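The values are calculated or read from the model by the stated rules, or taken from the named source; none is laboratory data. Please read these numbers as outputs of a predicted model, since none were measured by experiment. Heads up, the Cβs are rebuilt from the backbone with ideal geometry, glycines too, and the neighbour counts pull from every protein chain shown. These accessible areas exclude ligands, DNA and RNA; they are computed on the full protein's heavy atoms, side chains included. Shrake-Rupley method; radii C 1.70, N 1.55, O 1.52, S 1.80 Å.
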Amino acid sequence: MNQPPVVHWTEADQPRSARWHSENGSPPPRRIVIADDRTRANDAYKLACEGTALLWRGDFHNARQLLTAMARRIDRRPRKPLPADATQAFHVHRAAQNHRARILGMLLIPLDASYAVPLHRAPDVREACTRAYGAPAQELSLLSLRELLALIGANEWRKKGVEIPALGGDRIHPHYGVFSPARGEYVDLVAEAPLPSQDLAFDIGTGTGVLASVLARRGVRRVVATDQDPRALACARENTERLGVADRVEVVEADLFPSGRAPLIVCNPPWVPAKPTSPVEHAVYDPGNRMLHGFLNGLADHLTETGEGWLILSDLAEHLGLRPRAELLDTIAQAGLTVLGRLDIAPRHPRARDASDPLHVARMAEVTSLWRLGLAHRATPSGTP
């Protein structure tokens, strides 16, 4: 078993060390200085830009204010216009996001052996940390304030849940690091598409279990929901239990498909072929279209003769020049599949109408589709997808 990373620094002329927490896989900072309520935002920003982390020893609320001040200094720097080419613009935008995250991630917060924050006016984060990281390791640890705030927010979402109209207004409660179904278009597509069978369905990459739960509520008698992320597996099991469908939904650990065949196989893979920078981004970014191609190339071996595979996919990558439509259609054909039909829905999320978003043109044109796929030797229906 891999040992957790350790971060080292000097404080009061004494060498110190602690466990290092980083959900995005950032290595421990090489240099750390102590910061407190006397630290000025300009100095903190300069140190962070130079690669020096600041371990906070002052008031917790003042640390939040310092982080906000550092963010303002990043945001008011003159921005170069994005390239006219959509693909280049996407990569430049992602690089800017990663640069911003790296600088803001340089403000560090300590956690004691019980996951308590030993700072004045600090909130009680022990429950949130335990849910995200597991039982306390009974030793000091450090993490970025930015990650801690995200962890606190995620724990509140887990308590509150996300209302899902397709579930009659019942809520899905996402765990930390599991993608939240706050964007409901793809859920609505699965709730509305005609079911080819109510006997059995596979939900590939179930995440929170939302699509498996929708299928069970629609009358599918047995749903096998797969994932390989331990957080997602626990999240899906908890949600199906809470929604009263656990007797019809079996959550299993698998890389894509479970064993056997099914008359309905549903998959909502990550939509953008790019590198994720944190665990939750694996639900959005899929390097090399690994999951998309894995689903399509394995579908024929797991689909019954007259069954359907439902591929839920946004065309945002097409508008960004990252995956041509012809490439998707070629992959479908080469996998021995045919398109039986397609349902489309326009985005309803606020970013689609935000003209200040650097990728606004692509987001405004985006369409999310449910591709109904069958085995290629089935009769191809009239009409062009």
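Tell me, what is the Rg over Rh of segment 181-315, with Rh the Kirkwood radius over Cα pairs?
Working: Rg = 13.7 Å, Rh = 14.8 Å.
That ratio equals 0.93.
Under a no-solvent Debye model with one identical scatterer per Cα of segment 78-145, what's log10 I(q)/I(0) at q = 0.12, 0.15, 0.21, 0.23 Å⁻¹? For segment 78-145 at q = 0.12, 0.15, 0.21, 0.23 Å⁻¹, log10 I(q)/I(0) is -0.51, -0.63, -0.85, -0.96. Given just the C-alpha atoms of segment 237-369, how large is their convex hull per residue in cubic angstrom? Convex hull of Cα atoms, per residue: 147 Å³. Against the compact-protein benchmark of 2.2 N^0.38 Å, the Cα-based radius of gyration of segment 107-177 scales to 1.28. Legend: P(r) of segment 234-289 from all alpha carbon pair distances, 5 Å bins from 0, whole percents, reading 4, 15, 17, 20, 21, 16, 7, 1. For a test of the definition: using alpha carbon positions, the gyration tensor, and the 1.5 limit on a/c, classify segment 1-102 as rounded, prolate or oblate. In terms of gyration-tensor shape, oblate.
The residues 305, 192, 185, 281, sorted by heavy-atom accessible surface at 1.4 Å with ligands and nucleic acids left out, run 192, 305, 281, 185 from largest to smallest.
Loop-located trypsin sites (Lys or Arg not before Pro) in segment 274-362 (DSSP state not H, G, I, E or B) with no more than 16 neighbouring Cβ atoms inside 10 Å: 348.
With runs of 4+ DSSP H residues as the only contributors, calculate the mean residue ellipticity of the chain at 222 nm using -39,500 (n - 2.57) per run, divided by the residue total and rounded to the nearest 500. Kindly include the intermediate steps, with their values, before the conclusion.
Details: 12 runs with 127 residues, N = 385.
Computed mean residue ellipticity for the chain: -10000 deg cm²/dmol.
Comparing mean-square fluctuations of 283, 274, 89 from a GNM of the chain with C-alpha springs under 10 Å, the top value falls on 89.
When you restrict to C-alpha pairs under 8 Å that are six or more residues apart and normalise by the size of the chain, the relative contact order lands at 12 percent.
For a bin width of 5 Å, list the pair-distance distribution of segment 209-268 built from all Cα-Cα distances, rounded to whole %. P(r) over segment 209-268, rounded to whole percents: 4, 20, 34, 25, 15, 2. Can you tell me which of 88, 14, 228 moves the most in a GNM of the chain? Springs connect C-alpha atoms under 10 Å apart. Looking only at 88, 14, 228, the largest GNM fluctuation is found for 14. Three semi-axes describe the equivalent ellipsoid of segment 178-251; taken as square roots of 5 times the Cα gyration tensor eigenvalues and ordered largest first, they are 18, 14, 10 Å.
Largest mean-square fluctuation among 104, 233, 243, in a Gaussian network model of the chain whose springs join Cα atoms under 10 Å apart, belongs to 243. Expressed in Å, the radius of gyration and Dmax of the Cα atoms of segment 273-324 are 13.1, 40. Solvent-accessible area of segment 223-278 (1.4 angstrom probe, protein heavy atoms only): carbon and sulfur portion equals 47 percent. Over segment 1-154, accessible surface divided per residue gives 56 Å², non-protein components excluded, 1.4 Å probe. Over all pairs of different C-alpha atoms in the chain, the reciprocal of the mean inverse distance, the Kirkwood hydrodynamic radius, equals 22.9 Å. Over segment 301-365, the Kirkwood radius and the radius of gyration, each from Cα atoms, give a ratio Rg/Rh of 1.08.
Could you check how much of the accessible area of segment 1-130 is carbon and sulfur, as a whole percent, using a 1.4 Å probe? Mind dumping the intermediate values first?
Details: 3810 of 7700 Å².
That fraction is 50 percent.
What shape does segment 19-172 have by the C-alpha gyration tensor, where a ≥ b ≥ c are the square roots of the eigenvalues, rounded means a/c under 1.5, and otherwise prolate means a/b greater than b/c and oblate the rest? Note, shape of segment 19-172 comes out oblate.
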